[in-house]
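This report refers to the structure that appears directly beneath it.
The values are calculated or read from the model by the stated rules, or taken from the named source; none is laboratory data. Everything quoted here is computed from the prediction, not taken from an experiment. When we count neighbours, we look across all protein chains shown, and the Cβ atoms used for this are built from the backbone with ideal geometry, even at glycine. Only protein heavy atoms, including side chains, enter the accessible area calculation; ligands, DNA and RNA are left aside. Shrake-Rupley method; radii C 1.70, N 1.55, O 1.52, S 1.80 Å.
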Amino acid sequence: MNCLLAFSLFAAVLPSTINQSALYPAGPQAATPYYLWNVFAWVFGILWVIVVGFMIVGLCYRGRATRISELAGEKAVATGAAFTAIILLALIVISSAIARDIATDQSQANELKVRVTGHQWWWEFQYQNGPADRFLTTANELHIPIGRPVRMEVRSGDVIHSFWVPSLSPKIDAIPDHFNEIVFQADKVGTYRGQCAEFCGLQHAHMGFLVVAETPADFQKWFNHQLDPSQDNLSAEEQQGRQVFLSSPCVVCHTVRGTSAFGGIAPDLTHLASRTTIAAALLSNTPGNLSGWITDSQRVKPGTQMPPIDIASQDMQPLLSYLDALK
Amino acid sequence: MTTASPQTIADGRERDRLILQQAWAPAAGPLRWFKEVNAQVIGRRYIITALIFFVLGGIEALLIRIQLARPENRFLNPDLYDQIFTLHGSTMMFLFAVPVMQGLGLYFVPLLLGARNVALPRLSAFSYYLYLCGGLFLYIGLLSNTGPDAGWFAYTPLSGPQFSSGIRLDFWTQMIICTNISALAVAVVIIVTALKQKPPGMSLNRMPVFVWAMTIQSFMVLFAMPVVISAATMLFLDRSVGTNIFNSAEGGDPLLWQHLFWFFGHPDVYIVFIPPMGMAAEIISTFCGRPVVGYQAIVLAEISTGFLSFGLWVHHMFATGLPQLGTALFTAASMMIAIPTGMQIFCFIATFWTGRPRLDVPLLWISGFIATFIIGGFTGVMLASVPFDVQLHDTFFVVGHLHYVLIGATVFTVMGALYYWFPKISGRMLNSTLGVWSFWLSFIGFNLTFLPMHLLGLRGMPRRIYTYQPGLGWSNLNLLITVGAFILATGFFLTLLNMIKARANGKEAGMNPWKAKSLEWKTASPPPSYTFLDVPVLPSGGPSEDEEPEGVVRGFDASRRELLMTKVVDASPDYRHIVPGPSIWPFLLGLTSALTFAGIAFDVRWAAIGAVLCIIMLIGWFWPNGKSLTARTTWTTE
Amino acid sequence: MRIIWVALSLVLASGCRQQSPQLRVEPDQRVVSVMAREGEIQAGGSLPEVVVKNPYEGNAHAIAEGERLFLGYNCGVCHGTHGGGGMGLNLLAPALTYGDAPDNLFDTISKGRPKGMPTWGGRIPANQIWEIVTFIRSLRGLEPQTVTPARIEALQYPTAAGR
């Protein structure tokens, strides 16, 4: 029964335009491994058929006199070894050349710089272009403009995580007190899903995030809006909801710019309603899911650092209205 | 000079047989199970215990597959799932793969060399008890919800004191220490046995391939296991006394753990891969009716694999942000190791072409091994390429790869070796129809299970997740994989059934049911406790390793346990080594060491008490008894 | 043989609760206002003693969570990163003013105390306060050793365990 409930909660969570697959690259950094996969799969597929073919044919000659001499057999082995060495040498050269090509040390002029910090079990993104007062901190949903390289500085706030969005980029580990970097670029508009790729504890399975690639104009609009503090012109019910929010445990962990909530250890909620998902791309951002998440987070994501919060039943609806106003 | 045929009855050798039986009699008395030092007994125990752990690890795998069959499944909660996948990896790698190789080595290396026992029988017994206790300790942990839950390679800081609460990981580190000390002990035993107990005439270049494989593997163990023991000790110290070795906030580095672990971890997979190549060589040469083609090539390939494997470990860390030139070196080494490996496979296939293959069940398993292992080798070469690896690292692609090489090379070959050597160990033949069914179900189930995993990895599914979202294109593949896993399990189960049935009422095997040429087939099945009536002398010189003995060694004092020690390179007789008989000290020392390590997991101060107890046991072990260890000998050759 | 089963069951029973994370927060763990005994002396007749149990007593996961919360909620700013004190009270001192029984610690954190200890009840969910309580008790050596993570030697406390 639990299973069915869980399934229905998650079933329609993702629109069909979301991609999380290395087989559908949407940018040059993901295209390289995809191209390599195609080459490898064909080359090795054919080689496998050849070698196993030799084996099967060799096994089928039972009961007859020996077919090849020992010397011929040894020469065949030597030939095979030579072929193997040549093929491997070629692969080493190709692979190293590609690796050198895609090394990310050189920074380019128009890069979008983002610092991503992995936490147990959510992602913090801080855009770091321009002066420090134009740094934007958000969580779990990364917007980027298409056609522009994005340089991620990948850090960890606790254990080792790994930042990975297969359609756009290979992965890089987030190791505490190490500062790794990766550069990727989206060439197609769309929403791509990423997920932590290094086992990081109880909810490693539910540590996802979304990368929304949009046109540069749309991205700039989004970015400027996100920089604004939370809006102040609220209806009565929303104001009541804000009151509930500010007097609950929410504020010791979460930040909503424009209010007195400055807890810095949980996702920034200033523009919560602009996100498609909550709980690190686990649930779609609907009032029902939000209320379930607030009152009983441990049921959907057991072990999460979000504690269950007791909201009085008459306060829940205003609170949800307020959260919905955080567009 | 007659060729000695060791088991002809009524040949006037009864008196000799009786004296040998008495000298080499198994242990007696109420504690006799704990006092055995006979290599065949210890080897058999190792194999049976390892197979039991294999079944347990397999059950864990099935539980994982049930949980992953559907998205957002609620069969296992994440805490239990994490413990189960950790136990699955740890069991298979530490409690099955290495011990089963060592068990087969302890059993068959002396037999392949015509020796009566290994050179250090008490040490091999001690290592068994330490291994058994280490494994029991881990499973008591799992059953009491104290199983480790940070993965079989337990990356820090997740496995450190701050993020892994309680003593779960302490149980794990102590199990690692126990089982790997045990592995070291057996490695020492096998090296000494293989190098010093070859029969006269079997110079180093005529040693059976399996003995070469076990020797090379044992040297690798000597270099790899101490690293993981040290790393586990360092992790334990971090967790119990706050040494901050892996704590970057205080000057340590979590990446150090990865370097240390994988410096052991990569050679470890070759440690469990090289003996199966040796077993495959033995099986292929028997069932093709000729020695394996390219003996020299195979031995040199195994030696170079042994060396090269220590230079590959960084390929497990390509996504950690290491410098590009450094990783390129490891790409080259990781791809290069495919050359000696491939060469051995080509030698095997060439043996099929130059011999007359009889496709009996053992050879069927070996051909399954070749077909599967090649796929695993190819995906390994793919993963050695950094630009490809950084996309597929830590995904199900790697899970597919590692199971293709581990099950393909290790398990299928061990299955083949079991079918091959079961008649020798138990005196009964395994049912070949059941064997064929078992093989095909396993082969088909295996490919149904692990081939789709490569696609899953390419579709973006990371490893070690307890569940996943619907709508990502993973659900149907996961269901297929779970079905395949159950088919695979059925296949393996049929072999287990086969072994149980054959023990009860299988066909009598006789001395040499496969018409093989190696020495272990020249004694009874199962071998008597003194293994061979006479130590054989092989014709010296010449390339062939399969020639019949041309004589026997005379001049032993058969009433005490004497082993013939020969020179390392040319196997000319050196001296007689007298080994001790049944003794309780290996058990006592093994138990005390294991209890020390277990106690340390609860409280560090047990180290002191335990050390003192172990020293007392060692004093008992080495208590002077007036018996000499060697006998002066003069040799005549005819 | 029977002895082995008995010993095994004892081991199994003791291991279960200590080492496993208790992730579901039961209703009684959310209770915020607690009438716990504040001191030995009471004016008037004696009030019925309300027994308040720490739901996470001896639980390893709770202590780890407590440590995370202690750092995350910045308790360390006043009490020192390992509880040794500074601006605030030394949590490792031999005797704590308001007691170190679980209910006393819960009260202190949730109600606040004079001279600077804020009122956290209503701000920090009750089950998290219990986790912090268990962590502080582990700092003072009052939790079993098998659930307490390693500590830097320099801050070993002089309190005797087992109050």
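Quick rundown of the values:
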| read-out | value |
| --- | --- |
| Rough spin-label spacing in nm, given labels placed 7 Å along Cα→Cβ, for B:Val568 and C:Thr81 | 5.2 |
| Student exercise, segment A:95-143 dipole from Lys, Arg, Asp, Glu Cβ charges, in Debye to nearest 20 | 60 |
| Volume in Å³ per residue [convex hull over Cα atoms, computed for segment A:112-226] | 90 |
| Magnitude of the charge dipole, the protein assembly as shown, Cβ model with Lys/Arg +1 and Asp/Glu -1, debye to 20 | 2960 |
| Residues in segment A:271-299 that, when all protein chains are in place, have 30 Å² or more less accessible area than the chain alone would give (probe 1.4 Å) | A:Gln298, A:Arg299 |
| For segment A:236-324, size of Cβ-based charge dipole, Lys and Arg +1, Asp and Glu -1, in debye | 260 |
| Accessible area of segment B:355-450 divided out per residue, in Å², using a probe of 1.4 angstrom | 22 |
| Highest-MSF residue in chain A out of A:Ala139, A:Ala280, A:Ala82 [GNM, Cα springs under 10 Å] | A:Ala82 |
| Amide hydrogen neighbours beyond the local backbone of A:Asn180, cut-off 5 Å, H modeled | A:Val154, A:Ile175 |
| Surface share of carbon and sulfur [accessible, 1.4 angstrom probe, percent] for chain A | 59 |
| Burial of 20 Å² or greater, segment B:63-89 residues [accessible area, probe 1.4 Å, versus chain by itself] | B:Pro71, B:Glu72, B:Arg74, B:Pro78, B:Asp79, B:Asp82 |
| At least 24 Å along the helix axis (C-alpha) and Kyte average at least 1.6, DSSP helices within chain B | B:209-241, B:361-384 |
| GNM top mover of A:Val212, A:Val116, A:Val49 - chain A, alpha-carbon springs below 10 Å | A:Val49 |
| Buried accessible area, chains A and B (both chains, 1.4 Å probe, Å² to nearest 100) | 7200 |
| Value of [θ]222 nm, deg cm²/dmol, for the protein assembly as shown, DSSP H segments ≥ 4, -39500 (n - 2.57) each, nearest 500 | -17000 deg cm²/dmol |
| Cα lying deepest toward the dipole's positive end in chain A, options A:His161, A:Ser69, A:Phe83, charges on Cβ | A:Ser69 |
| Residues with amide H under 5 Å from that of B:Val537, placed H, sequence gap 5 or more | B:Glu550, B:Gly551, B:Val552, B:Val553 |
| Accessible area in square angstrom per residue, segment C:52-152, 1.4 angstrom probe | 36 |
| Accessible surface, per residue, of segment A:112-226 when the full set of protein chains is kept, probe 1.4 Å, Å² | 27 |
| Segment B:442-601: equivalent-ellipsoid semi-axes (sqrt of 5 x gyration tensor eigenvalues, Cα, Å) | 49, 26, 19 |
| Once the Cα gyration tensor of the protein assembly as shown is diagonalised, semi-axes √(5λ) in Å | 59, 37, 23 |
| Accessible carbon and sulfur surface of segment C:52-152 relative to its total accessible area, %, 1.4 Å | 60 |
| Distant-in-sequence amide H partners of A:Ser162 (H built 1.01 Å from N, under 5 Å) | A:Ala174, A:Ala197, A:Glu198 |
| Within segment C:92-128, trypsin sites (Lys or Arg not before Pro) in DSSP loop having at most 11 other beta-carbon neighbours inside 10 Å | C:Lys115 |
| Residues along segment C:49-91 losing 10 Å² or more of accessible surface when the other protein chains are present rather than the chain by itself (probe 1.4 Å) | C:Ala60, C:His61, C:Ala64, C:Glu65, C:Glu67, C:Arg68, C:Leu71, C:Gly72, C:Tyr73 |
| At 1.306 mPa s and 10 °C, Stokes D of segment B:98-219 from Kirkwood alpha-carbon radius, µm² per second | 99 |
| Chain B, accessible surface, carbon-and-sulfur percent (1.4 angstrom probe) | 68 |
| Listed residues A:Cys200, A:Cys60, A:Cys250, most fluctuating in chain A (Gaussian network, C-alpha, under 10 Å) | A:Cys60 |
| Within 10 Å of each Cβ in B:600-611, the average number of Cβ atoms from other chains | 1 |
